[in-house]
1. So residue 105 ticks every box in (1) over 21 Å from residue 290 (Cα atoms); (2) of a type outside the set (Ser, Thr, Tyr); (3) surrounded by fewer than 20 Cβ atoms within 10 Å (Cβ to Cβ) but one. Which box is left unticked?
2. Would you say residue 193 is of a type outside the set (Phe, Trp, Tyr), modelled with pLDDT of 95 or more and in a strand (DSSP E or B)?
3. When you check residue 96 against the structure, is it surrounded by 15 or more Cβ atoms within 10 Å (Cβ to Cβ), among the polar types (S, T, N, Q) and either touching a residue at least 12 places away in the same chain (Cβ under 8 Å) or assigned by TED's automatic domain parsing to the domain that holds residue 68 (or both), yes or no?
4. Report yes if some residue within segment 195-204 is surrounded by fewer than 20 Cβ atoms within 10 Å (Cβ to Cβ) and aromatic (Phe, Trp, Tyr); otherwise report no.
5. Of the residues 289, 238, only one is among the aromatic types (Phe, Trp, Tyr) and over 25 Å from residue 139 (Cβ atoms); which?
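The values are calculated or read from the model by the stated rules, or taken from the named source; none is laboratory data. Here the structure is a predicted model, which is why all the values come from computation and not from measurement. Virtual Cβ from ideal backbone geometry, glycine too; neighbours counted across all protein chains shown.
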Amino acid sequence: MKKLIVIAASAFALAGCTPPETNNKPGNVSVVPEKKSLAMSDAETIDKEKAAWDAVRKKDFDNFKRMMATDGIYVSHHGVLDPDGTISETKELDLTDLSFSDWKVLPIDKDAVVVTYTAHIHGRIKGQPLVATSVRGSTAWVNRDGKWLAIYHQDSEAKPPTSSTKKEERTAPTPGKTLTQASTSSDPIANEKIVWDALKSDNSNAFAALLAPDSIEVEPESVYDKTGSLTTVSQTDFSRATLSEFKSVKIDEDAAIVTYLVKIPGVAPEGEHHTTIWVNRGGSWLALFHQGTPVLKMLQPVSPKESNKPPAKAPPVKY
């Protein structure tokens with residue numbers, strides 16, 4: 001049994017750069033410098049995320065909605081929600097205790113950033129105790145006309161690392177194995193399909209080339225850097241994976257989000273909602289961030305004792 005928790009992100013106005021005074025003395029040419037956005041600091045990003053949680057805890061839904069981009073999405077256990085859907089689910093949540101750890105802020109570009117962390121929570125949803133007391137949450141923020149707004153949020157149950165959750169292993173790829181790799185573009189859906197072609201064909205070299213050097217992957221047991229992602233994908237046979245329900249959201253000219261459903265017989269038969277943030281790095285579109293959340297169609301009543309029991313389902317798919 002996995003908990004159901006709704007969270008999203010917040011935003012406040014961020015002032016743009018003020019150009020210096022123009023020198024109009026004779027003989028001088030007036031030059032107005034290009035106006036540039038001010039990227040948020042790590043501390044500012046974390047403060048905004050905490051403010052969003054506080055709005056949820058206080059049930060200040062009007063303010064909470066103003067924190068979201070109008071085209072923003074929340075990837076939940078049972079689907080992809082727009083801001084209205086996010087508010088609707090959030091209203092079912094009653095938080096009694098809340099704390100955070102494991103903060104990591106990753107710049108997307110000068111106008112966007114993604115933050116991931118572990119939230120330690122206590123409370124109830126639809127009158128039932130929360131099954132999980134820790135979740136890994138992630139939010140992407142974008143600067144829209146000087147205001148930083150949440151354009152994406154996703155969360156999944158946090159679990160401690162354990163050898164018992166090792167996935168179905170496949171034969172290690174042949175050293176030096178190479179396959180034709182398609183070129184990525186500004187289309188995040190097409191890019192994601194290229195990634196899965198590499199995974200299905202066990203082309204580790206092509207998969208590695210599609211990840212940004214500073215990429216991170218959020219999994220229930222940990223947050224992996226690029227090296228960690230390359231290590232974990234070798235433990236699963238992706239050849240029978242099926243992808244569906246694609247949806248893309250443009251962050252800005254140099255970044256985009258794609259979310260979709262993955263099903264793998266024997267590993268994730270009910271499916272997982274996966275999300276990747278793609279970025280333009282020097283003309284090449286690379287995967288910067290990835291997270292998966294297992295499907296949960298309905299909230300089942302549980303007792304406080306049952307909430308402490310470990311889940312019996314197979315571990316989620318890594319990538």
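1. Condition not satisfied by residue 105: (1).
2. Numbers: of a type outside the set (Phe, Trp, Tyr): yes; modelled with pLDDT of 95 or more: yes; in a strand (DSSP E or B): no.
Here the answer is no, as residue 193 does not meet what is asked.
3. Details: surrounded by 15 or more Cβ atoms within 10 Å (Cβ to Cβ): no; among the polar types (S, T, N, Q): yes; either touching a residue at least 12 places away in the same chain (Cβ under 8 Å) or assigned by TED's automatic domain parsing to the domain that holds residue 68 (or both): yes.
No: the conditions fail for residue 96.
4. The answer is yes, given that some residue of segment 195-204 is surrounded by fewer than 20 Cβ atoms within 10 Å (Cβ to Cβ) and aromatic (Phe, Trp, Tyr).
5. None of the others qualify; the one that does is 238.
Every residue, every condition in (1) assigned by TED's automatic domain parsing to the domain that holds residue 257; (2) at pLDDT below 95; (3) over 21 Å from residue 288 (Cα atoms), yes or no:
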position	(1), (2), (3)
133	no, yes, yes
139	no, no, no
143	no, no, no
153	no, no, no
183	yes, yes, no
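A quick yes/no check of all residues on (1) surrounded by fewer than 18 Cβ atoms within 10 Å (Cβ to Cβ); (2) acidic (Asp, Glu); (3) more than 22 Å from residue 152 (Cα to Cα):
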position	(1), (2), (3)
227	yes, no, yes
230	yes, no, yes
238	no, no, yes
259	no, no, no
284	yes, no, yes
